[in-house]
Amino acid sequence: MKSPLLSLPGAVPAEGQDEGVAAHYGDLFREQRSLADGTGLVDLSHRGVVTVTGDDRLSWLHLLLTQHVSELPAGQATEALILSAHGHIEHALYLVDDGETLWAHVEPGTQGALIAYLESMKFFYRVEVADRTDDIAIVHLPAGSITEAPEGVVVRETPYGRDLFLPRADLEAYAAANGPLAGILAYEALRIEGHRPRLGFETDHRTIPHELGWIGSAVHLHKGCYRGQETVARVQNLGKPPRRLVFLHLDGSEVHLPGHGTPVRLAADGAEGRQLGFITTSGRHHELGPIALALVKRNVPLDAELMAGDTAAAQEAVVEA
């Protein structure tokens, strides 16, 4: 879904999974600094929006999600995953309940598959699932922002900022009144800095929650059964995940950033060395310079010097080895 804000002067369209919103509006680092200072907003209107209504919505979702939501207080934000039978991550949901409706935003284009799964699990429960992407746009306000949400708009508040479930018809007027605008590249650079994983970037077909540090924030370890729980419990109690997420400081002399999927190897082994992982997301940060997240084998030493493609990289632990 193409955002109307792409018609604004200076807007440069994003590509790939974030197609439909602006990559930036002409000054990436200024936009980052604005968000870091608690001003401006980010257009995330390309994200999918799903609602669940009905008296059984929380108790029903509690059976399906990795998070404890049966007694989720109104207005309290949380996040949750849906796993495969083998414990691999299939969906990531960013949730808030307003007392009558459970609101979730999800990765662009994933809402159809999510809704199909939820519909298949309704059985006798009193719930209704709806795709609200056509009429609701997600707008992100950074942490510390004093910008007010319009009356009646559902707000999901986290330590990283507030996500507004804004009527899509109001998007242009709200952005014009509450700028400056920051593009998705600024938002992503701060996400990388915050070590926050994202479905489709930090995940592949075999990713389990432990590898990304989603235990606790998105996976509750003391709740009833859900699909994939056996894998979660087994890894938590008996072992460690085969891979771990790391934060990388990249060599700033390189012109091009290593893209998603770029192989990660030990610097000492050279370009022909064994691949130990891959870049999941990279970006340019207004203070840290080129940075990235990568998924690497658990036994890669924390002090090892790495190469991401042709780019030297020093790592920091996100998930402990």
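Structural remarks
- Taking amide H atoms as placed 1.01 Å from N in the peptide plane, the amide H of Leu95 lies under 5 Å from those of Thr78, Glu79, Ala80, each 5 or more residues away in sequence or on another chain.
- Gyration tensor verdict on the stretch 178-321 (Cα atoms; rounded if a/c is under 1.5, prolate if a/b is larger than b/c, oblate otherwise): oblate
- For Leu83, residues with placed amide H under 5 Å, excluding near neighbours: Glu90
- Three-way shape call for the stretch 242-321 based on the alpha-carbon gyration tensor, with the a/c threshold at 1.5: oblate
- Ranked by how many other Cβ atoms sit within 10 Å of their own Cβ, fewest first, the residues Lys2, Lys223 fall in the order Lys2, Lys223.
- Centroid-to-centroid separation of the stretch 226-243 and the stretch 122-140 [C-alpha atoms, Å]: 30 Å
- Computed from phi, the 3J(HN,Hα) profile of the stretch 86-96 under the Karplus parametrisation 6.51, -1.76, 1.60 (θ = phi - 60°) reads 9, x, 7, 6, 10, 9, 10, 10, 10, 10, 7 Hz, with x in place of Gly and Pro.
- Overall form of the stretch 48-131 per C-alpha gyration tensor (a/c, 1.5; a/b vs b/c): rounded
- Pairs of Cα atoms nearer than 8 Å and 6+ residues apart set the relative contact order; for the chain it is 19 percent.
- Kirkwood-based shape ratio for the stretch 1-78, expressed as Rg/Rh from alpha carbons: 1.14
- Excluding same-chain neighbours fewer than eight residues apart, the lysines reachable from Lys240 by a Cα-Cα span under 21 Å are Lys223, Lys297.
- Between amide H atoms placed 1.01 Å from N, distances below 5 Å from His220 occur with Gln67, His68, all of them 5 or more places distant or on a separate chain.
- Low-density loop positions, trypsin sites (Lys or Arg not before Pro), the stretch 43-147 - DSSP coil, at most 12 other Cβ in 10 Å: Arg126
Every read-out reported here was derived from the displayed coordinates using simple, explicitly stated rules and does not represent laboratory data. This one's a predicted model, so the numbers in the text were calculated from it and none came from an experiment. Cβ: placed from backbone, ideal geometry, glycine included. Neighbour counts: every protein chain shown.
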